[in-house]
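Every number here is computed from the coordinates shown, using simple stated rules; none is lab data. If you're wondering where the values come from, they're calculated on a predicted model, not measured in any experiment. Here the Cβ positions follow ideal geometry from the backbone for every residue, glycine too, while neighbour counts run over all protein chains shown.
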Amino acid sequence: MQRGQKQIQPTDLKAKAVGAVVREFRKQAGCSQERLSDACGFDRTYISRVERGIISPTVGRLWKIAEALETPLSQVAKRMEAWIAEQVARPYRPARKLPRDGSR
């Protein structure tokens with residue numbers, strides 16, 4: 001990444017869920033992004049962008065990822081739904097403001 005460029009941040013909760021769950025299953029399988037991408041026939045940067053929630057894979061590509069991780073696609077989908085429910089259930093906690101004098 002070039003200096004001065006900002007990373008793209010995902011805003012879509014569903015895209016975040018896909019990425020978080022793919023990363024979760026990949027790590028559980030003890031698999032690197034490189035190994036997963038090779039098994040799927042994708043570029044490693046594609047897996048990285050999926051995991052960061054920047055792009056959403058098609059169903060066909062998500063199926064390939066699930067197969068490479070030896071996980072049923074239905075299990076991946078169920079985990080994504082649960083991940084979203086967990087995020088929605090979290091209470092919003094605004095950042096605590098520190099006093100101007102620096103004391104806590």
HN-Hα couplings for the range 74-80 via Karplus (6.51, -1.76, 1.60; θ = phi - 60°), in whole Hz with x for Gly/Pro, come out as 4, 5, 4, 5, 4, 5, 5
How high is the FRET efficiency between S32 and V59 when r is their beta carbon distance and R₀ equals 22 Å, given to the nearest 0.05? 0.35
Which net charge results when you count Lys and Arg as +1 and Asp and Glu as -1 among the other residues whose beta-carbon is under 12 Å from that of L13? 0
Percentage relative contact order, the range 13-84, counting C-alpha pairs under 8 Å, at least six apart: 43
Cβ-defined net charge surrounding R79, 12 Å radius [Lys, Arg +1; Asp, Glu -1]: -1
Convert each backbone phi in the range 44-59 into a coupling constant with the Karplus relation 6.51 cos²θ - 1.76 cosθ + 1.60 (shift: θ = phi - 60°), then list the ³J(HN,Hα) values in order as whole Hz, x for Gly and Pro. 4, 5, 5, 4, 4, 5, 5, 5, 7, x, 6, 10, 10, x, 5, 4
